[in-house]
Structure formats: structure tokens, C-alpha cells
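Novice: Here it is, the structure in full.
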Amino acid sequence: MGTLLLPAPLSMHVNTLSSLAQLLASAETETLAFPTSINTALLLQKELANPDCHSADISRLLLCEPTLSARAVALANSALFSPGQAPAITSVRAAVERLGHRNLYALATAAVIRQLNAGIRDEALRARATQLWAHTVHVAALAHGLATTVTQTDADTALFAGIVHEVAGFYLLAQADKTPGLYAQLETQMASTLEVIGRALMRQLGVPLPVADAVNALPGSTIMLPPEGLRDTLLLAKALSPVPSPLPQASVTVSEALQAYLEHDPVLQALRTQPSAEAKGLIEVLLS
């Protein structure tokens, strides 16, 4: 008996559904695969999560990844971490000391996220990934500023949460590049797919529970007025970001009350239209 040959469009549809099923199954079992190009960043992230890690070990790992080393030094010299007349940092070891392990962890996670999309070949998907990263960077910078001036949450935690809050979208775009038709197939079920993948990635990447809970609570949430806590900090940062997320489920619903708050609060207007030197420096380093 001969092999049944499916028409090309139907065969592609079957392959797409199979790829989606495999992706969701990997998410459910927390076995989502990462490209080997991010091994150093993942190893650095794991080392930084160890409370007994030493700065010398961190420096050695950073030196294995020249781009990450350069970003660490640049971040240490940015206005956010180099106040006043602080001397310029010229070595990785000095950058490690100035930034501290929490901020280096955020930088390593940013490297993981960026590398997920480094090899995307499809032009439309690559454009979405580029826009999503710009959105992420602006949200992270805004979240840091909002945490200190509006929501009274920990600024470093808000910065990290901003960096990871769209990680599922980056992973999905990278996977869609490998499977033609997958992104189009997902457009009708994007929110539910991203939720499953996002929860799995939060656990696989070792994201602290308070951050993971805030990120997982974003879909469908509305900002409380006055805003408070990490979730509201992220939602507010997303609403203020000059670069919107390209993912269809990721926009923040803006009520009339929220719109009035966004337009008339002087602190929010300053954060939106006149970003601080600290925010500009952070955005420049993360986008470079």
C-alpha cells in the first residue's frame, strides 16, 4: 500500500500543529530548549543565583563573553550606577563590584533574551523581535523610575521584572522562525500560548517568585489607581512606553480614569517626555 501524500498546504498545516503541540508539551514539562549560543549567559545567571558565588568567578565568566563584558562595563559607567564624580570603570572586575550580583543577574538575563532572537531569518518576525526588545528596554527603564517615584517598590527588582516580562514572546518568535506558519496559527490563541510558555520559562530561568507572580499576572490585568506594587509598576511602564509591544495580546487596556491619570500626573509626564539621564543611559546600554 502506497504512502499517503498530503497536499502541500495541508501538510504544512499538520506540521505546524505538530510543532505547536510539541512546544506546549515542552512548556508543560519545563523542557524548553535554548540555543547553545546562550550557554555562557545561562551559566553566569546560574552562578549569580548562588549566594556563595565569588566576584572572581563572575569576572571569569563575563570575560568568556566579550559582548556581555562590554555591556557590564558600560552599565557600570552609566549615570544610573555612576553618580556624581565616581571614577570611570575600566575593567570587568571593577564593573562586577559596582553593579552587584542582582544587577549583573538582570544583565545576564537580558543577554539570554536577546540571544533567543539573534538568528531569526524571517524578516517580519525579526522586525517584531526588534520592536519587542525596544519595548522591553523602555519598560525596564520606566519601571525603575516608577518604582522610586510612584509605586514605592524596589527599583532593582522592577528593572529586572521589566527585562523578563515579555520573555515568552521572544521565545515564541524564535520558535516561529523555525516553523513556517506557526506565528499565523498562534494569532488566534496567542494569549493562552504565551501564558503557558511564560510560566515555564519563569521556572526554567530561575526567576524569583515575586517577579514571576507579577509577570504572570499581567495578561488581562488593569492598573489600580493609585498604582502600587510590582504588577502595577509593570503595567504602568507598558502604558507609558514610547514603543508598544508588537504582540497582539500585550497592550494595556486604558480606561478613561487611567487615561486622565496618564495625561495629567506631572511625574508620569516627566517620565514619559523627559527621561532622566539614568534612564537614557540604561536604554542606550541595553539597546546597544
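Novice: Pop a pseudo-label 7 angstrom from the Cα along the beta-carbon direction at both THR90 and ALA70 and give the gap in nm to one decimal.
Specialist: In this crude label model, THR90 to ALA70 measures out at 1.9 nm.
Novice: Ok, one more. Out of every Cα pair in the stretch 79-231, what percent are spaced more than 28 Å from each other?
Specialist: Values: 3106 of 11628 pairs.
That tail contains 27 percent of the Cα-Cα pairs.
Novice: Work out, step by step, the length gained on full extension between GLN259 and SER18: first 0.36 nm times the residue separation, then minus their alpha carbon distance; give nm to one decimal.
Specialist: Numbers: separation 241, 0.36 × 241 = 86.76 nm, distance 4.25 nm.
That pair, GLN259 and SER18, stretches by 82.5 nm at full extension.
Novice: Along the positive direction of the dipole of the chain (beta-carbon charges: Lys, Arg +1; Asp, Glu -1; about the Cα centre), which of ALA140, SER288, LEU218 reaches farthest?
Specialist: Checked the options; the winner is SER288.
Novice: Counting only helical runs of four or more DSSP H residues, what would the 222 nm mean residue ellipticity of the chain come to if each run contributes -39,500 (n - 2.57) and the total is spread over all its residues? Mind showing how you got there, number by number?
Specialist: On the way: 15 runs with 193 residues, N = 288.
-21000 deg cm²/dmol, from helical runs alone.
Novice: Run down the lysines and flag those whose C-alpha is under 22 Å from the C-alpha of LYS238, throwing out any fewer than 8 positions away in its chain.
Specialist: Here the lysines satisfying the reach criterion relative to LYS238 are LYS280.
Novice: Quick one: compute the contact order of the stretch 54-107, relative version, from alpha carbon pairs under 8 angstrom and 6+ residues apart, as a percent.
Specialist: On the way: 39 pairs, mean separation 22.0, N = 54.
It rounds to 41 percent for the stretch 54-107.
Novice: So what's the angle, to the nearest 10 degrees on a 0 to 90 scale, between helix 8-28 and the longest Cα principal axis of the chain?
Specialist: In the chain, helix 8-28 runs at an angle near 50 degrees to the longest axis.
Novice: May I pose another question? Write down the accessible area per residue of the stretch 143-288 in Å², having rolled a 1.4 Å probe over the full set of protein chains. Intermediate results must be reported in sequence, preceding the final value.
Specialist: Details: 6290 Å² over 146 residues.
Ligands and nucleic acids excluded, the result is 43 Å² per residue.
Novice: Also, quick follow-up: Quick check on the stretch 60-114: take the gyration tensor over C-alpha atoms, sort the square-rooted eigenvalues as a ≥ b ≥ c, and tell me if it's rounded (a/c under 1.5), prolate or oblate. Mind dumping the intermediate values first?
Specialist: Details: a/c = 2.02, a/b = 1.54, b/c = 1.31.
It is prolate, given that a/c is not under 1.5 and a/b is the larger ratio.
Novice: Aspartates and glutamates near LYS178 by alpha-carbon distance under 19 Å, same-chain residues fewer than 8 away left out - which ones?
Specialist: Qualifying aspartates and glutamates at Cα under 19 Å: ASP122, GLU123, GLU187.
Novice: Just read off the accessible area of PHE81 with the full protein assembly in place, 1.4 Å probe, to the nearest 10 Å².
Specialist: Approximately 30 Å² for this residue.
Novice: When every alpha-carbon pair in the chain is counted, what percent end up more than 30 Å apart? Kindly include the intermediate steps, with their values, before the conclusion.
Specialist: Numbers: 13685 of 41328 pairs.
In whole percent, the share of Cα-Cα pairs in the chain beyond 30 Å is 33.
Novice: Can I ask one more? Explain nothing, just the number: dipole magnitude of the chain about its Cα centre with +1 on each Lys and Arg Cβ and -1 on each Asp and Glu Cβ, in debye rounded to the nearest 20. Don't jump to the answer; show the numbers that get you there.
Specialist: Details: 17 positive and 23 negative charges, 120 e Å.
Charge dipole, the chain, about its Cα centre: 580 debye, nearest 20.
Novice: Return the single residue from MET190, MET202, MET224 with maximal mean-square fluctuation; model: Gaussian network over the chain, springs between Cα atoms under 10 Å.
Specialist: MET224
Novice: Continuing with the same structure: Roughly how big is the stretch 89-196's charge dipole about its Cα centre, with Cβ charges of +1 (Lys, Arg) and -1 (Asp, Glu), in debye to the nearest 20?
Specialist: Details: 8 positive and 9 negative charges, 69 e Å.
Dipole size: approximately 320 debye.
Novice: Sticking with this structure for a sec: Are there trypsin sites (Lys or Arg not before Pro) in the stretch 90-189 that DSSP marks as loop and that have at most 12 other Cβ atoms within 10 Å, and which are they? Write out the running numbers ahead of the final one.
Specialist: Values: sites: ARG93, ARG98, ARG102, ARG114, ARG121, ARG126, ARG128, LYS178; in loops: ARG121.
Passing both the DSSP loop test and the Cβ count: ARG121.
Novice: Using Cα atoms only, what is the angle between the long axis of helix 39-48 and the major principal axis of the chain, expressed in degrees (0 to 90) to the nearest 10?
Specialist: Here the helix axis deviates by roughly 50 degrees.
Novice: Principal axis extents for the stretch 125-207, Cα atoms only, whole Å, descending order, please.
Specialist: Largest first, the stretch 125-207 extends 44, 26, 20 Å along its Cα principal axes.
Novice: Once Lys and Arg get +1 and Asp and Glu get -1 on their Cβ, which of SER55, PHE81, ALA191 lies farthest toward the positive end of the dipole of the chain?
Specialist: SER55
Novice: Further question on the same structure: Return the carbon/sulfur percentage of the accessible area of the stretch 151-244, one whole number, probe 1.4 Å, all protein chains in place. Display every interim value, and only then the final one.
Specialist: Details: 1920 of 3490 Å².
Accessible surface attributable to carbon and sulfur in the stretch 151-244 totals 55 percent.
The values are calculated or read from the model by the stated rules, or taken from the named source; none is laboratory data. Values in this document were obtained by computation on a predicted structure and should not be read as measured data. With ideal geometry, Cβ positions are generated from the backbone for all residues, glycine too; neighbour counts draw on all protein chains shown. Ligands, DNA and RNA are excluded from the accessible area calculation, which covers all protein heavy atoms including side chains. Shrake-Rupley method; radii C 1.70, N 1.55, O 1.52, S 1.80 Å.
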